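The structure appears below as structure tokens.
The values are calculated or read from the model by the stated rules, or taken from the named source; none is laboratory data. This one's a predicted model, so the numbers in the text were calculated from it and none came from an experiment. Here Cβ is always computed from backbone atoms with ideal geometry, including for glycine, and neighbour counts include all displayed protein chains. Side chains are part of the model used for accessible areas, which takes the heavy atoms of the whole protein and leaves out ligands, DNA and RNA. Shrake-Rupley method; radii C 1.70, N 1.55, O 1.52, S 1.80 Å.
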Amino acid sequence: MKQFRLTEASIRNRVGEQSFKRGKRYFLQDAIMSPWIQGHTLKAKCWGSLPQPYHVWVQLGANGIDSGECSCPVGDGGYCKHVAALLLMWLHKTDSFQEIEPLDEALKRQEKDDLIVLIRQMLTRYPDLEDMVYLATPGGASANAPINPDLIRRQVQSAVKRGDYGHDY
């Protein structure tokens, strides 16, 4: 496993005293589940106040914590108690992290038919992703396809109408 500069003081400095204390409780209560490391990124699920766990990740660098995110309401930027719990898990129980290959490598090994099945499963669970199938991807086979302005307009309207902030324009 890779080693990064990380201490309780650097975690506390990152998330703040209150999130650190709460994150330490979460860590001690084994709220972190299925932790893994992918390159320099720590990922896990963390039990919180909702019935389903939050998704949390932290990007580590040579000097410690580079960035992070959590799906909890205050997790934007990775300054919450769930991020603190994940970092404490890495600091004190590094061996519990499963090392996995980068996502791009895992996807490249898949057969086309298997990827189609995977994408269909994802679209069943997250139907809003379907529009992405029809968008040109930079450098991809569809990069030279003409842009459909109606599709782009629908996506922008959908994003604005269903934004995270409850605005309805």
With every protein chain in place, region 1-61: carbon and sulfur % of accessible area (1.4 Å): 51
Ranked order, Trp47, Trp36, Trp90 - accessible area, probe 1.4 Å, largest first: Trp47, Trp36, Trp90
Pair Gln29, Tyr79: separation of 7 Å Cα→Cβ label points (nm): 2.3
Solvent-accessible area of Lys43 with every protein chain in place, 1.4 Å probe, in Å² to the nearest 10: 60
Efficiency of FRET between Leu118 and Ala9 - r from beta-carbon atoms, R0 35 angstrom, step 0.05: 0.25
In sequence order, calculated HN-Hα J values of region 25-31 (Karplus, 6.51, -1.76, 1.60; Hz; x Gly/Pro): 4, 4, 4, 5, 8, 6, 6
Extension reserve of the Ser96-Asp128 stretch, reckoned as 0.36 nm per residue once the Cα distance is removed: 8.1 nm
Heavy-atom accessible area per residue - region 1-91, 1.4 Å, Å²: 51
Solvent-accessible surface (1.4 angstrom probe) belonging to His55, in square angstrom, nearest 10: 110
Phi-based couplings in Hz for region 82-89 (Karplus 6.51, -1.76, 1.60; Gly and Pro marked x): 5, 5, 4, 4, 4, 5, 5, 4
Förster radius 30 Å - calculated FRET efficiency between Glu111 and Val156 (Cβ-Cβ, nearest 0.05): 0.30
